[in-house]
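Student: Questions regarding the structure given below will be posed in turn.
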Amino acid sequence: MKYLSTRAPASSTERKRFCEILLEGLAPDGGLYMPEQYPQVSDATLSRWRTVYHKQGYAELAFEVLSLYIDDIPAADLRALCAKTYTAEVFGTGEIVPLRHVEEGLWIEALSNGPTLAFKDMAMQLLGNLFEYELARRGAELNILGATSGDTGSAAEYAMRGKKGVRVFMTSPHGRMSPFQQAQMFSLQDANIYNIAIEGVFDDCQDIVKVVSNDLEFKRKYKIGTVNSINWARLLAQVVYYFAGYIQATESNSERVSFSVPSGNFGNVCAGHVARMMGLPIAKLVVATNENDVLDEFFRTGVYRVRGSADTFETSSPSMDISKASNFERFVFDLLGRDGSRIKSLFGDAVNSQGRFDLSADPRFAEAATRFGFVSGRSTHADRLQTIRATWEQHGFMIDPHTADALKVALENRAASKTMVVLETALPIKFSSTIVEALGREPQRPAGFEGIEALPKRVQVMSADANAVKALIARECGY
Ligand SMILES: *Cc1c(COP(=O)(O)O)cnc(C)c1O
């Protein structure tokens, strides 16, 4: 399998292998890496995978899917990496992503029983093992620098803790994360994890990352990298749970299933698009947003409009509070017939200069729904409270605000007699203030998380000064 950039002109023959793009972020032309084609999963293969998942488990299914895209890691090594990643010990159950039955034809797929209780663990845990493997093979090191307001940073730290060849320098806005999130990150005592609480807001943290990354000499010398959601390996790891969800929700391959996905950067639902392109019988891909409805607007109108910071709202489903959807370029690449020059003019030029583009007059826009199966919707804070409450009253379990967004839009887009799977992306405990607002009671704490707020914390507070962060990195690397 070879990979190309979404912005590569048709004349370009430049292609890369999986391990070349594993440690890279964007392609040098500013595009995102995509596989040259989607491997097709035949009916016979899907039947075999059913047995693989039921008899051998999720890790073996992950190996089957991944090996279609990764041909520069020996099969035995890749299998061992999957087996080491997807264990009941790390993900809480043998199924790894069990389905919870809600009512006739409606399921919730649990993706948030990993170490940080959010779905980002599904991909990040594999990434940690892939990074360690590839860095050892190259005799190289990597220093991950990131900014987080919660989920991404903690998932990255739990994936990279104790990994050889990797350090994580994670900035976060001082005092602004929930006590639970702070406890999760700051209680890590691993020597290769550095928590940096910046006296400022999340944007200050992101600016520091930008300043450091734009200093190319520093970046090269200190081997600075990222683990953001545009990394192809993260997306690929997420494709697996669409197969596992489908297999659990159906008895035969003649059934079609829709997935409803709480969306921000379009990484999760883009993995669903990849699974569908591979031939998984997915009916609809339901894109659910909160008030930051960049994606809902596109699927309704054909206009993609990046929001300024004044138009980006802080909501009660904060992991979906985005101003632009970083993985969206991948889908538009497929929608427009894989025309790299056109993608460059839309995402490289139009988005940069006008902050928007409009495909409403393009005949291909209609295919987003007809050919690619996308539908969308949005919810508000009031919708989330209502959905959390209704689920508790009618079914007796709690869902987190992001999952509530997906459930609300799923119910609006449910076709009679069709199966719908809602992706659960976090556990309620991570967003307890919204749960208390909706239900008047605290969410249950999973075992092992009792009293984590009282654990000793390992964090350094710094002013919003990129030079101070650079000095810390230089001192800790010692090269
Ligand atoms: C990151 C995140 C999302 C959004 O996922 P995308 O891949 O960015 O669309 C939704 N819910 C939770 C809890 C998240 O952490």
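The values are calculated or read from the model by the stated rules, or taken from the named source; none is laboratory data. Not measured: the values here are computed from a predicted model. Every residue, glycine as well, gets a Cβ built from its backbone with ideal geometry; the counts of neighbours run over all protein chains shown.
Student: Pull up segment 197-251, narrow it to residues that are away from the ligand (no atom under 15 Å from the Cβ) and among the aromatic types (Phe, Trp, Tyr), then point me to the one that is surrounded by the fewest Cβ atoms within 10 Å (Cβ to Cβ).
Tutor: Phe218
Student: Ok, one more. Of the residues that make up segment 440-463, is at least one at positive phi and modelled with pLDDT of 95 or more?
Tutor: The answer is yes, given that some residue of segment 440-463 is at positive phi and modelled with pLDDT of 95 or more.
Student: Within 22 Å of the chain's Cα centre (by Cα) and either assigned by TED's automatic domain parsing to the domain that holds Met398 or away from the ligand (no atom under 16 Å from the Cβ) (or both) - does that describe any residue in segment 146-159?
Tutor: no
Student: Tell me which residues, restricted to segment 100-137, are of a type in the set (Phe, Trp, Tyr) and either assigned to a loop (DSSP other than H, G, I, E, B) or touching a Ser or Thr at 6+ places or on another chain (Cβ under 6 Å) (or both).
Tutor: Phe119
Student: So the check is Cβ under 6 Å with 6+ separation or different chains; which pairs have a first residue in segment 19-33 that's closer than 15 Å to Asn214 by Cα and a second one that's of a type in the set (Ser, Thr, Tyr)?
Tutor: The qualifying pairs are Gly25/Thr226.
Student: Do any helices (runs of 4 or more DSSP H) lying entirely in segment 227-326 carry at least 1 residues that are of a type in the set (Lys, Arg) and over 19 Å from Ala415 (Cβ atoms), and which ones are they?
Tutor: 232-249
Student: Checking Met185 against (1) more than 15 Å from the ligand (Cβ to nearest atom); (2) hydrophobic (A, V, I, L, M, F, W, C); (3) touching a strand residue (DSSP E or B) at 6+ places or on another chain (Cβ under 9 Å); (4) closer than 22 Å to Glu453 by Cα, which single condition isn't satisfied?
Tutor: Just one mismatch for Met185, condition (1).
Student: Let me ask you something else. Out of the residues in segment 428-450 that are in a loop (DSSP other than H, G, I, E, B) and touching a helix residue (DSSP H, G or I) at 6+ places or on another chain (Cβ under 9 Å), state the one that is surrounded by the fewest Cβ atoms within 10 Å (Cβ to Cβ).
Tutor: Checking each candidate, the answer is Arg441.
Student: So, in segment 317-333, of the ones that are surrounded by fewer than 22 Cβ atoms within 10 Å (Cβ to Cβ) and of a type in the set (Ser, Thr, Tyr), which residue ends up farthest from the ligand (Cβ to nearest atom)?
Tutor: Going through the qualifying residues, I end up with Ser323.
Student: While we're looking at this one, here's another question. Evaluate segment 47-65: report whether one residue or more is among the β-branched types (Val, Ile, Thr), farther than 19 Å from Leu130 by Cα and in contact (Cβ under 8 Å) with a residue 12 or more places away in the chain.
Tutor: yes
Student: While we're looking at this one, here's another question. How many of the residues in segment 146-188 are farther than 22 Å from Thr85 by Cα, part of a helix (DSSP H, G or I) and hydrophobic (A, V, I, L, M, F, W, C)?
Tutor: 3
Student: Here is a check on your reading of the model: is Glu141 away from the ligand (no atom under 16 Å from the Cβ) and farther than 25 Å from Ala59 by Cβ?
Tutor: Criteria met by Glu141.
Student: Ala283 passes all but one of (1) touching a Ser or Thr at 6+ places or on another chain (Cβ under 9 Å); (2) modelled with pLDDT under 95; (3) not hydroxyl-bearing (Ser, Thr, Tyr); which number fails?
Tutor: (2)
Student: Could you say which residue among Leu81, Leu26, Leu4 is of a type in the set (A, V, I, L, M) and part of a helix (DSSP H, G or I)?
Tutor: Leu81
Student: Give me the pairs: first residue in segment 213-226 and touching a residue at least 40 places away in the same chain (Cβ under 8 Å), second residue of a type in the set (Lys, Arg), beta-carbon distance under 7 Å, and six or more apart or on different chains, which are they?
Tutor: Ser213/Lys219; Phe218/Lys470
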